[in-house]
Amino acid sequence: MKPFSQRPLGLRIIIGYKVIKAAIVVTVAAYLTLSSAVAYHEARHLVTLLAEHGGLLHRLALWLDAHVTESALGTVRLLAWLDFATTAVEAGLLLSGKRWGEWLVIGSLALLVPFEAHALWRFRHLGHALVLIANTAIVVYLARRRYRASAVARVAAAQQRKPVE
(Lines give C-alpha, C1' and ligand atoms only; values in the text may rest on other atoms or scores of the structure.)
Protein backbone atom coordinates (compact mmCIF):
# COMPACT_ATOMS: atom_id res chain seq x y z
CA MET A 1 0.00 0.00 0.00
CA LYS A 2 1.32 3.40 -1.01
CA PRO A 3 1.58 6.14 1.60
CA PHE A 4 -1.26 8.64 1.32
CA SER A 5 1.02 11.37 -0.04
CA GLN A 6 2.13 9.13 -2.94
CA ARG A 7 -1.36 8.34 -4.16
CA PRO A 8 -2.79 10.16 -7.20
CA LEU A 9 -4.20 13.62 -6.51
CA GLY A 10 -7.69 12.63 -7.66
CA LEU A 11 -7.79 9.73 -5.21
CA ARG A 12 -6.53 11.94 -2.36
CA ILE A 13 -9.28 14.48 -3.12
CA ILE A 14 -11.94 11.76 -3.08
CA ILE A 15 -10.63 10.35 0.21
CA GLY A 16 -10.49 13.85 1.72
CA TYR A 17 -14.05 14.54 0.57
CA LYS A 18 -15.25 11.28 2.12
CA VAL A 19 -13.47 11.91 5.44
CA ILE A 20 -14.76 15.51 5.71
CA LYS A 21 -18.29 14.46 4.72
CA ALA A 22 -18.26 11.66 7.32
CA ALA A 23 -17.14 14.11 10.03
CA ILE A 24 -19.89 16.59 9.15
CA VAL A 25 -22.61 13.95 8.91
CA VAL A 26 -21.66 12.26 12.18
CA THR A 27 -21.81 15.67 13.88
CA VAL A 28 -25.32 16.24 12.51
CA ALA A 29 -26.39 12.70 13.43
CA ALA A 30 -25.04 13.03 16.97
CA TYR A 31 -26.73 16.42 17.41
CA LEU A 32 -30.06 15.05 16.17
CA THR A 33 -29.69 12.04 18.47
CA LEU A 34 -28.50 13.80 21.62
CA SER A 35 -30.54 17.00 21.25
CA SER A 36 -33.54 15.99 19.18
CA ALA A 37 -35.98 18.14 21.18
CA VAL A 38 -33.72 21.19 20.80
CA ALA A 39 -33.28 20.51 17.08
CA TYR A 40 -37.05 20.23 16.64
CA HIS A 41 -37.69 23.50 18.48
CA GLU A 42 -34.95 25.26 16.47
CA ALA A 43 -36.54 24.04 13.24
CA ARG A 44 -39.96 25.28 14.38
CA HIS A 45 -38.39 28.66 15.30
CA LEU A 46 -36.84 28.86 11.82
CA VAL A 47 -40.29 28.27 10.31
CA THR A 48 -41.66 31.17 12.37
CA LEU A 49 -38.82 33.50 11.32
CA LEU A 50 -39.22 32.63 7.64
CA ALA A 51 -43.00 33.11 7.76
CA GLU A 52 -42.55 36.69 8.97
CA HIS A 53 -40.50 37.71 5.90
CA GLY A 54 -43.17 37.13 3.24
CA GLY A 55 -42.63 36.31 -0.43
CA LEU A 56 -40.43 33.37 -1.30
CA LEU A 57 -39.39 32.86 2.31
CA HIS A 58 -43.05 32.69 3.33
CA ARG A 59 -43.65 29.92 0.78
CA LEU A 60 -40.61 28.07 2.16
CA ALA A 61 -42.00 28.53 5.68
CA LEU A 62 -45.33 27.02 4.63
CA TRP A 63 -43.57 24.01 3.10
CA LEU A 64 -41.37 23.56 6.16
CA ASP A 65 -44.36 23.95 8.47
CA ALA A 66 -46.02 21.02 6.74
CA HIS A 67 -42.89 18.85 6.69
CA VAL A 68 -40.97 19.58 9.90
CA THR A 69 -42.38 17.05 12.33
CA GLU A 70 -40.88 14.96 15.10
CA SER A 71 -41.41 11.90 12.91
CA ALA A 72 -39.54 13.54 10.02
CA LEU A 73 -36.74 14.48 12.40
CA GLY A 74 -36.45 10.82 13.43
CA THR A 75 -36.20 9.81 9.77
CA VAL A 76 -33.52 12.44 9.11
CA ARG A 77 -31.62 11.24 12.20
CA LEU A 78 -31.68 7.64 10.94
CA LEU A 79 -30.60 8.68 7.43
CA ALA A 80 -27.77 10.78 8.86
CA TRP A 81 -26.41 7.78 10.79
CA LEU A 82 -26.74 5.58 7.70
CA ASP A 83 -25.02 8.17 5.51
CA PHE A 84 -22.20 8.50 8.06
CA ALA A 85 -21.70 4.73 8.22
CA THR A 86 -21.56 4.26 4.45
CA THR A 87 -19.33 7.31 3.90
CA ALA A 88 -16.94 6.22 6.65
CA VAL A 89 -16.76 2.68 5.20
CA GLU A 90 -16.08 4.12 1.72
CA ALA A 91 -13.30 6.34 3.11
CA GLY A 92 -11.80 3.36 4.94
CA LEU A 93 -11.93 1.19 1.82
CA LEU A 94 -10.21 3.85 -0.26
CA LEU A 95 -7.61 4.43 2.46
CA SER A 96 -6.88 0.69 2.58
CA GLY A 97 -5.51 0.89 -0.95
CA LYS A 98 -7.10 -2.43 -1.94
CA ARG A 99 -8.44 -2.80 -5.49
CA TRP A 100 -11.62 -4.46 -4.28
CA GLY A 101 -12.21 -1.49 -1.98
CA GLU A 102 -12.27 0.83 -4.96
CA TRP A 103 -14.65 -1.51 -6.77
CA LEU A 104 -17.02 -1.54 -3.77
CA VAL A 105 -17.02 2.26 -3.69
CA ILE A 106 -17.68 2.34 -7.46
CA GLY A 107 -20.58 -0.08 -7.05
CA SER A 108 -22.18 1.66 -4.09
CA LEU A 109 -22.01 5.11 -5.67
CA ALA A 110 -23.10 3.84 -9.10
CA LEU A 111 -26.23 2.40 -7.47
CA LEU A 112 -27.12 5.87 -6.14
CA VAL A 113 -26.66 7.75 -9.43
CA PRO A 114 -30.07 6.82 -10.97
CA PHE A 115 -31.87 7.88 -7.78
CA GLU A 116 -29.95 11.15 -7.68
CA ALA A 117 -30.75 11.77 -11.36
CA HIS A 118 -34.43 11.14 -10.65
CA ALA A 119 -34.36 13.52 -7.67
CA LEU A 120 -32.70 16.20 -9.83
CA TRP A 121 -35.25 15.70 -12.59
CA ARG A 122 -38.15 15.82 -10.14
CA PHE A 123 -37.08 18.67 -7.84
CA ARG A 124 -34.45 20.62 -9.83
CA HIS A 125 -32.37 21.80 -6.87
CA LEU A 126 -28.73 22.82 -7.02
CA GLY A 127 -27.92 20.42 -4.17
CA HIS A 128 -29.22 17.45 -6.18
CA ALA A 129 -27.17 18.57 -9.18
CA LEU A 130 -23.98 18.89 -7.10
CA VAL A 131 -24.41 15.47 -5.49
CA LEU A 132 -25.13 13.87 -8.88
CA ILE A 133 -22.09 15.52 -10.48
CA ALA A 134 -19.78 14.63 -7.57
CA ASN A 135 -20.85 10.98 -7.36
CA THR A 136 -20.79 10.52 -11.14
CA ALA A 137 -17.30 12.04 -11.30
CA ILE A 138 -16.08 9.76 -8.51
CA VAL A 139 -17.53 6.66 -10.22
CA VAL A 140 -15.99 7.61 -13.60
CA TYR A 141 -12.61 8.47 -12.07
CA LEU A 142 -12.34 5.29 -9.99
CA ALA A 143 -13.66 3.01 -12.77
CA ARG A 144 -11.23 4.53 -15.26
CA ARG A 145 -8.40 4.10 -12.76
CA ARG A 146 -9.28 0.44 -12.14
CA TYR A 147 -9.66 -0.24 -15.89
CA ARG A 148 -6.25 1.28 -16.64
CA ALA A 149 -4.61 -0.71 -13.84
CA SER A 150 -6.21 -3.87 -15.20
CA ALA A 151 -4.96 -3.12 -18.74
CA VAL A 152 -1.42 -2.54 -17.44
CA ALA A 153 -1.54 -5.84 -15.54
CA ARG A 154 -2.74 -7.71 -18.66
CA VAL A 155 0.08 -6.25 -20.76
CA ALA A 156 2.65 -7.14 -18.10
CA ALA A 157 1.29 -10.71 -17.87
CA ALA A 158 1.37 -11.08 -21.67
CA GLN A 159 4.99 -9.89 -21.78
CA GLN A 160 6.00 -12.42 -19.13
CA ARG A 161 4.46 -15.26 -21.19
CA LYS A 162 6.41 -14.30 -24.34
CA PRO A 163 9.34 -16.59 -24.99
CA VAL A 164 12.69 -14.83 -24.64
CA GLU A 165 14.73 -14.94 -27.86
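The values are calculated or read from the model by the stated rules, or taken from the named source; none is laboratory data. Quick caveat: nothing in here was measured; it's all calculated off a predicted structure. Ideal geometry is used to build each Cβ from the backbone, glycine not excepted, and the neighbour counts take in all protein chains shown. With ligands, DNA and RNA removed, areas are computed over all heavy atoms of the protein, side chains included. Shrake-Rupley method; radii C 1.70, N 1.55, O 1.52, S 1.80 Å.
Can you tell me the 0 to 90 degree angle between the C-alpha axis of helix 70-96 and the longest principal axis of the chain, rounded to 10?
Result, in degrees: 20.
How high is the relative contact order of the chain, in percent, with contacts defined as C-alpha pairs under 8 Å that are six or more residues apart?
Reported as a whole number, the value is 23 percent.
Leaving ligands, DNA and RNA out of it, report the carbon-plus-sulfur percent of the accessible area of the chain at a 1.4 Å probe.
Within the chain, the accessible surface is 70 percent carbon and sulfur.
First select every other residue whose beta carbon is under 11 angstrom from the beta carbon of residue 43; then total the charges, Lys and Arg +1, Asp and Glu -1.
-2
For the chain, what is the convex hull volume of the alpha-carbon atoms per residue, in Å³?
It is 145 Å³ per residue.
If you fit an axis through the alpha-carbon atoms of helix 55-67 and take the longest principal axis of the Cα set of the chain, what angle between them do you get, 0 to 90°, nearest 10?
So the inclination is approximately 80 degrees.
Against the longest alpha carbon principal axis of the chain, how many degrees, from 0 to 90 and to the nearest 10, is the axis of helix 99-123 turned?
Helix 99-123 sits at roughly 40 degrees to that axis.
What does the convex hull of the Cα atoms come to per residue for region 72-136, in Å³?
About 87 Å³ per residue, rounded to a whole number.
Going Cα to Cα from residue 21, which lysines come in below 29 Å? Please leave out same-chain ones fewer than 8 positions away.
Candidates past the 8-residue exclusion: 2, 98.
Ignoring ligands, DNA and RNA, what accessible area per residue does the chain give at 1.4 Å, in Å²?
69 Å²
Using only the heavy atoms of the protein chains and a 1.4 Å probe, how would 162, 21 rank by accessible area, largest first?
Descending order: 162, 21.
Using label points projected 7 Å from each Cα along Cα→Cβ, tell me how many nm separate residue 100 and residue 57, to one decimal.
Placing both labels 7 Å along Cα→Cβ, they lie 5.4 nm apart.
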